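The values are calculated or read from the model by the stated rules, or taken from the named source; none is laboratory data. No experiment lies behind these values; they were computed from the predicted model shown. Don't worry about glycine lacking a Cβ; one is built from the backbone with ideal geometry, like all the others, and counts go over all protein chains shown. With ligands, DNA and RNA removed, areas are computed over all heavy atoms of the protein, side chains included. Shrake-Rupley method; radii C 1.70, N 1.55, O 1.52, S 1.80 Å.
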Amino acid sequence: MTPTQRLVLRVAVALLTIVAGIVAIGAFDYWGMESYTQRKLASLRQASPDVSAAESASVSARSPAASRDIAGDPPHAELVTPAGAASGVRAAFSPPSESQIPIGEFGDVIRRGREIFVDTGRAAPAYVGNSLRCVNCHLDAGRLAGSSPLWAAFVSYPAYRSKTQSVSTFQQRLQGCFEYSMNGKAPPPNAPELVALESYAYWLATGAAVDPKLPGRGYLALAAPAQVRDYTRGEQVYAANCAFCHGADGAGQRSPDGVAVFPPLWGPESFNWGAGMGRINNAAAFIKANMPLGMGGTLTDQQAWDVSLYMNSHERPQDPRYSGSVQNTRSTFHDTDESMYGRDVAGKVLGATGAPRPFKPSRVPAR
Amino acid sequence: MTLSRNLSWVMFGIVLSTNVHADGATIAQQGAGSVVACQSCHGVAGEGVAAAGFPRLAGMGASYLQRQLEAFAQGTRSNAVMMPIAKALSAADRKAVASHYASMPFGGAAAMQSSTSAPRGAAEPKVSVAPAAASASAPTVGMTLATRGRWSDTLPACEQCHGPGGRGVGADFPPLVGQSAAYLAAQLTAFKSKARPAGPMNLMGVVAQKLSDADVQEVAAYYAALPAGGAR
């Protein structure tokens, strides 16, 4: 994409945002999403936009239905956590096993897609700006039900997304992953990397019904927390359950040869403020189902909510949609209690780090 | 006056630095009191003795090694040879000898039978991206557990914590490569039977409970067969 094309796209997105914002008052309930109105009302109910972390993170006023939304995902994505169910049990679909990837040219593309998925920085260096890999948030190479598996996502697109306020194709959804979650650069349409990832997802979805309600899709949403989410409790949960692998500073840990084995959760090597995992409800759902690794379901819902708030109350790379003002960017893209962007935590406004840094490919050591 | 003062500082510095190094190294090489030298069982380069099931110590993380010595001293990790040794050492000695072995090069001079003399990096398998179906032979159970895990049973891959190629991560996640199959299998079995404490957050306890006896043998054999050269 040339700078001019990018500018045109940005302007178009901005215009769409404004138009859709006006149109959206009350209208998007149709989509089953947390409506713009609800979010707007929630924000108006707050006395001040810059309150302390624990206070501002309150979701107790929000309706349970709204809390089940999976922000940034298509409609019909609300997956209600079955009572007492462990992660993924509800899934009826199971993707083909890796050994069934066909031999031949198409199989090679699928395998290439898998490689990009599990080793993103090394396999797609031109588009990755941090130390994360797709597999960090989509466990078992995108196969695991309840961990936003690729097979369920594939059959859900094209779909309307509140994030872009437009209908996105699967490739466009993947572009968003690179731009936000990988703090990188969107590969151009039909770039070999996108084609490979799409092929891998297509193959994983072999035999899946084209049904956006496929069980196992997204992350199993948590019920609204019993207590107001709290930073200090989250900090304690983090120290006891997360810091051993992800580090007290959230920077993760690398192998001696430099591979980020435990992904950075915040800071310059993590996803940027525009990523879906930066939403407290998304991260809480992921954490509850999957963390600590191999011990999913062991944290209480409240612990998952608290530690998600804690994780997402730290600084990370700037939102690529940054408008020049943190509060303006917040009101345009983060006008929800699920985002701490623009909020004051310990005397510092999150996101007040200036314009996004120019894209720099992450340094992944050669094998 | 000035000269002698300077000289005394230099001497002081030498004493200090030799002290710091001597403690761990001396215990390792000569023992301390009733404690035999570590190297008499673990090898001059801390490489271990595969045939006897004595583990490699060189290049393991410092806090991992120290935690093991503490567990032997307290009797929570049971081993007839190591328990009296760890108990006889002071807490400071245990810390010093742990740091000593942590600072030794992983690919120590005396390579184990499993660590071939492959040049650094040359023989490292592309573990996390190994094309399963492309290779003529199907991946073994051990390789699958090591690099893929078994998520139908929410069992993560070994390398998700122990790093690519099982080469270890940080001070707490020890390398698996470079250990003998006998030692690895014995430890996994001990985790399973709770004869060995599961360690921080019960991570290994949870994992080991999901492994069958056959799984244990397979995964131990997989890591023992990986070349250790180039690790760390």
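Of note:
- Peptide A:259-266 has a mean of 3 when you count, residue by residue, the C-beta atoms of other protein chains within 10 Å of its C-beta.
- Buried accessible area, chains A and B (both chains, 1.4 Å probe, Å² to nearest 100): 2600
- Taking amide H as placed 1.01 Å from N in the peptide plane, the amide H of residue B:77 sits under 5 Å from that of B:72, each at least 5 places away or on another chain.
- Accessible carbon and sulfur surface of the stretch A:243-367 relative to its total accessible area, %, 1.4 Å: 58
- Placing unit charges on the Cβ atoms of the charged side chains and taking the dipole of the stretch A:172-292 about its Cα centre, the candidate lying farthest along the positive direction among A:245, A:224, A:195 is A:224.
- Cα-projected label distance for residue A:167 with residue A:232, points at 7 Å along beta-carbon direction, nm: 5.1
- The mean number of Cβ atoms from other chains found within 10 Å of a Cβ in peptide B:204-211 is 1, as a whole number.
- Other residues within the sphere of radius under 10 Å centred on the Cβ of residue B:66, judged by their own Cβ, net out at +2 (K and R +1, D and E -1).
- R0 of 25 Å, Cβ-Cβ distance residue A:223-residue A:248: FRET efficiency to nearest 0.05: 0.25
- Averaged over the residues of peptide B:158-167, the number of Cβ atoms from other protein chains lying within 10 Å of each residue's Cβ is 5.
- Here's the list of lysines a cross-link from residue A:360 could span, going by alpha-carbon distance under 24 Å and ignoring same-chain residues fewer than 8 apart: A:185.
- For the stretch A:126-187: rounded, prolate or oblate by the Cα gyration tensor [a/c cutoff 1.5]: oblate
- Proximal lysines to residue B:210, defined as alpha-carbon separation beneath 27 angstrom and excluding residues fewer than eight positions away on the same chain: A:288, B:126, B:192, B:194
- For the stretch A:181-278, the C-alpha radius of gyration sits at 1.43 times the compact-globule guess of 2.2 N^0.38 Å, with N the residue count.
- Viscosity 1.567 mPa s, temperature 4 °C, Stokes-Einstein D of the stretch B:185-232 from Kirkwood C-alpha radius, µm²/s: 113
- For the residues B:153, A:119, a 1.4 Å probe over the protein chains yields an accessible-area ranking, largest first, of B:153, A:119.
- Net +/- balance of residues flanking residue A:353 in space, Cβ distance below 15 Å, scoring K and R +1, D and E -1: +2
- Across the stretch A:92-138, Cα pairs under 8 Å and at least six residues apart give a relative contact order of 24 percent.
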